[in-house]
Amino acid sequence: MNVIQRAVAIGLGAALLQAVMLIAFAWPATNIAPRDLPLAVAGPQAEMVEARLTGQSPDAFELITVPDEAAARAAIGDREVYGAIVTGNGAPRMLVASGASPAVAQQLTQIGRQMSGTPPVQVEDVVAGDPDDPRGAGFGAMALPLVMAGIAGGVLLTLLIPSSAGRIAGVFTFGIAGGLLSMLVTQSWLSIVPGPYLELSLVAGLVSFAVAGTVTGLATVIGRAGIGIAALVMLLIGNPFSAATSAPELLPQPWGTIGQLLPPGAAASLIRSVAFFDWAGAQGPLLVLVGWAVLALVLLGLGVLRDSRRAEPVDGPAAVPVPV
């Protein structure tokens with residue numbers, strides 16, 4: 001190709017990437033709806049409520065029958081369900097948890113109003129979100145900087161640090177410092193995530209390590225093309241399907257599930273579990289992030305082995321002294 005042909009090809013490729021990114025970011029946002037959303041139903045009229053919800057939206061909810069209100073509250077606190085409808089002793093009551101997802105809490109509140117008769121349905125937020133971020137906008141906006149900073153850290157380590165051992169040291173340093181600083185800003189200045197600072201810093205550090213380590217590890221093993229692959233996976237798939245502003249069950253499937261298998265989605269779920277639910281429901285997203293961190297270490301470890309082999313002297317015939 002000549003210069004003009006290459007320029008045209010690059011322009012077309014960039015336009016195609018732009019179209020794909022528009023689809024990836026806009027499509028989930030315009031298709032938010034409950035899809036097998038876990039919801040508990042309790043009380044003597046539970047069967048009637050289940051029949052009504054199933055008739056109105058057959059695939060919207062995964063209904064779980066519990067014996068009483070105490071069991072419903074326990075299921076919400078354990079992150080087994082997003083909310084509960086409690087019947088008996090008057091009008092049904094709707095229990096929601098905006099700490100799990102403000103978007104889901106809002107939708108369940110609307111459903112409660114649609115079910116309202118006389119007297120109207122009472123709505124109680126049993127696990128409230130941060131009062132400084134009632135709609136979860138700040139929490140949702142937090143996911144993208146964590147991912148982008150991790151990608152940027154991985155790119156800088158790849159371009160500026162030639163040795164794999166040095167890159168490992170840099171990724172560990174970034175994970176520790178990034179976790180501590182990001183939660184310091186998030187909690188003390190922005191005030192959008194409550195909970196124990198050191199534990200949340202550990203989570204944020206694990207996210208930073210997983211993202212930066214994956215970028216650096218792929219680049220170490222397959223070259224600079226690994227930077228592009230990791231960036232596309234984290235940004236083009238991971239971020240829009242992270243459900244940081246909604247919930248995995250509100251996204252089109254299987255993308256909601258896939259998003260939870262990538263660092264951005266796992267990070268959002270794990271931070272919610274630690275901040276609002278005292279680690280309830282944290283096992284799944286924690287295993288996902290640990291898995292990505294292990295993958296990063298394996299890739300970087302392969303780079304260390306390759307560097308050591310290159311540094312080894314090549315065996316050959318011993319030099320024969322020549323008499324002078």
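The values are calculated or read from the model by the stated rules, or taken from the named source; none is laboratory data. This is a predicted model, so every value here is computed, not measured. Positions of Cβ are backbone-derived with ideal geometry, glycine not excepted, and every protein chain shown enters the neighbour counts. These accessible areas exclude ligands, DNA and RNA; they are computed on the full protein's heavy atoms, side chains included. Shrake-Rupley method; radii C 1.70, N 1.55, O 1.52, S 1.80 Å.
Side notes on the structure shown:
- Inter-residue pairs, beta-carbon under 6 Å, first assigned by the TED database to the domain that holds G205 and in the range 268-295, second of a type in the set (D, E, K, R) and part of a helix (DSSP H, G or I), 6+ apart: V274/E199
- G226 vs. criteria in the same structural domain as F277 (by the TED database) and on the phi > 0 side of the Ramachandran plot: no
- Across the range 84-102, the number of residues qualifying as surrounded by 20 or more Cβ atoms within 10 Å (Cβ to Cβ) and not in a strand (DSSP E or B) comes to 7.
- The range 60-83, residues that are over 24 Å from the mean Cα position of the chain (by Cα), surrounded by fewer than 16 Cβ atoms within 10 Å (Cβ to Cβ) and not in a helix (DSSP H, G or I): T65, P67, D68
- Index of the failed condition, P145 passing every other in (1) open to solvent by 50 Å² or more (accessible area, probe 1.4 Å); (2) over 30 Å from A296 (Cα atoms): (2)
- Counting only helices (runs of 4 or more DSSP H) wholly contained in the range 168-270, the ones carrying 3 or more residues that are modelled with pLDDT of 90 or more and surrounded by 24 or more Cβ atoms within 10 Å (Cβ to Cβ) occupy 197-222.
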